Amino acid sequence: MTSVVVALTTATVTILFVYFLLCAEDYRWQWRSFIAGGGSAIWLLIYGTYYWLSRLSLDSFASTLLFFGYLSIIATINFIVTGTIGFLAATWAVRRLYAAVRID
């Protein structure tokens, strides 16, 4: 259920972002849609760092290294997955948008 909500939110925000880019006549939206979709990974890194500072008491350097290593792996996977969702949603929206344009 949570994954569906994350996917829908990512798709919606990315479609709006690309729509605003197209309204500003900036047609280089492909990579920007991927980055906008994957932006939640930055918040994941920030929260992981906050959690490490405020809640965890890791005594050794190895434990801290493992924590940040796994956090970076999870954030990278999150970035790739949500970026792909955002790009596919934006591609679908742009194709629907330009398919509705009539040239007479």
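Things worth noting here:
- Accessible surface area normalised per residue over the chain is 75 Å², counting heavy atoms of protein chains with a 1.4 Å rolling probe.
- A simple charge model with +1 on the Cβ of Lys and Arg, -1 on the Cβ of Asp and Glu and nothing else charged puts the dipole of the chain at about 180 debye relative to its Cα centre.
- Dipole orientation for the stretch 1-97: of the candidates Ala62, Ile42, Ala93, Ala93 has the Cα lying most toward the positive pole (charges on Cβ; Lys, Arg +1; Asp, Glu -1).
- Values of log10 I(q)/I(0), in the order q = 0.11, 0.14, 0.17, 0.26 Å⁻¹, for the stretch 20-88 under a Debye, Cα-only, solvent-free model: -0.38, -0.54, -0.67, -1.05
- Relative to the current alpha-carbon distance between Val4 and Ile42, full extension at 0.36 nm per residue lengthens the span by 11.7 nm.
- Surface share of carbon and sulfur [accessible, 1.4 angstrom probe, percent] for the chain: 71
- By the combined test of axial Cα extent (at least 30 Å) and Kyte-Doolittle hydropathy (mean at least 1.6), the qualifying DSSP H helices of the chain come to 2-23.
- For the chain, adding -39500 (n - 2.57) for each run of n ≥ 4 DSSP H residues and dividing by the number of residues yields -28000 deg cm²/dmol at 222 nm.
- Gain in span if fully extended, Ile74 to Ser54, counting 0.36 nm per residue against the direct Cα distance: 5.2 nm
- Straightening the chain between Gln30 and Arg102 buys 23.6 nm, computed as 0.36 nm per residue apart minus the Cα-Cα spacing.
- Descending by average beta-carbon neighbour count within 10 Å, the peptides 60-72, 8-20 line up as 8-20, 60-72, the highest first.
The values are calculated or read from the model by the stated rules, or taken from the named source; none is laboratory data. All figures in this text were calculated on a predicted structure; none of them were measured in a lab. Note that we place each Cβ from the backbone using ideal geometry, even for glycine, and neighbour counts take in every protein chain shown. Surface accessibility is based on the protein's heavy atoms, side chains included, excluding ligands, DNA and RNA. Shrake-Rupley method; radii C 1.70, N 1.55, O 1.52, S 1.80 Å.
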